[in-house]
């Protein structure tokens, strides 16, 4: 059972990262080891060719993984990315992007996840990422 629900995760992100636009992402669904996030379309995410940029997709993948981990372990904000590998598979047009993360391994110090990203309404994957996070030891986490 997740420790944090979608509303709590969004609130935590906005409180922890106040410089982030409030409309940057929406946590749509949370289960144990799975989250779905929507990145609403914003013209700042476009690159030439009217497609969502690679950096926007990488940020979405990283954020989705972070949210999936926090949903399970709670507000351990110092969990950090140690590796992110992304494959761009199709050019997503100007529109919302949906990211779904499944945690493949969640240990006491390391988490590995798989993030699939789709243009809203498209069944074909636009990008795929694998992410690894380092989780601080329990004795270094705030209670």
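Looking at the stretch 6-27, which of the residues that are in contact (Cβ under 8 Å) with a residue 40 or more places away in the chain and in contact with a helix residue (DSSP H, G or I) (Cβ under 9 Å, 6 or more places away or on another chain) is nearest to residue 92 (Cα to Cα)?
Residues of the stretch 6-27 in contact (Cβ under 8 Å) with a residue 40 or more places away in the chain: 9, 12-13, 16, 27.
Narrowing further to those that are in contact with a helix residue (DSSP H, G or I) (Cβ under 9 Å, 6 or more places away or on another chain): 9, 12-13, 27.
On the way: 9: 26, 12: 29, 13: 25, 27: 20 Å.
For the stretch 6-27, the residue satisfying everything is 27.
Within the stretch 42-55, which residues are in contact with a strand residue (DSSP E or B) (Cβ under 8 Å, 6 or more places away or on another chain) and either farther than 20 Å from residue 119 by Cβ or surrounded by fewer than 19 Cβ atoms within 10 Å (Cβ to Cβ) (or both)? Step through it out loud before you land on a result.
Here is the first cut: in the stretch 42-55, the ones in contact with a strand residue (DSSP E or B) (Cβ under 8 Å, 6 or more places away or on another chain) are 45-46, 50-54.
Residues satisfying the conditions are 46, 50, 53, 54.
Determine, yes or no, whether residue 75 is within 23 Å of residue 136 (Cβ to Cβ), in contact with a strand residue (DSSP E or B) (Cβ under 8 Å, 6 or more places away or on another chain) and touching a residue at least 60 places away in the same chain (Cβ under 8 Å).
On the way: within 23 Å of residue 136 (Cβ to Cβ): yes; in contact with a strand residue (DSSP E or B) (Cβ under 8 Å, 6 or more places away or on another chain): no; touching a residue at least 60 places away in the same chain (Cβ under 8 Å): yes.
Judged against the criteria, residue 75 is not a match.
Among what's in the stretch 20-47 and is farther than 19 Å from residue 79 by Cα and part of a loop (DSSP other than H, G, I, E, B), pick the residue that is modelled with the lowest pLDDT.
22
Of (1) closer than 25 Å to residue 15 by Cα; (2) touching a helix residue (DSSP H, G or I) at 6+ places or on another chain (Cβ under 9 Å), residue 88 satisfies all except one. Which?
Single failed check for residue 88: (1).
With the stretch 62-143 as the region, which strands (runs of 3 or more DSSP E) entirely inside it contain at least 2 residues that are at pLDDT 95 or above, more than 27 Å from residue 46 (Cα to Cα) and more than 13 Å from the chain's Cα centre (by Cα)? Outline the logic, then answer.
Values: elements: 80-88, 97-106, 110-119, 125-134.
Output list reads 97-106, 110-119.
Would you confirm, using the coordinates I've provided, whether residue 98 is closer than 18 Å to residue 124 by Cβ and surrounded by 16 or more Cβ atoms within 10 Å (Cβ to Cβ)? Outline the logic, then answer.
Values: closer than 18 Å to residue 124 by Cβ: yes; surrounded by 16 or more Cβ atoms within 10 Å (Cβ to Cβ): yes.
So residue 98 passes the test.
How many residues are within 13 Å of residue 68 (Cα to Cα), surrounded by fewer than 17 Cβ atoms within 10 Å (Cβ to Cβ) and over 12 Å from the mean Cα position of the chain (by Cα) when one looks only at the stretch 3-28?
2
The values are calculated or read from the model by the stated rules, or taken from the named source; none is laboratory data. Bear in mind the structure is a predicted one, so any value in this text is a computation, not a measurement. Because the Cβ atoms are built from the backbone with ideal geometry, glycine has one as well, and the counts that use them run over all protein chains shown.
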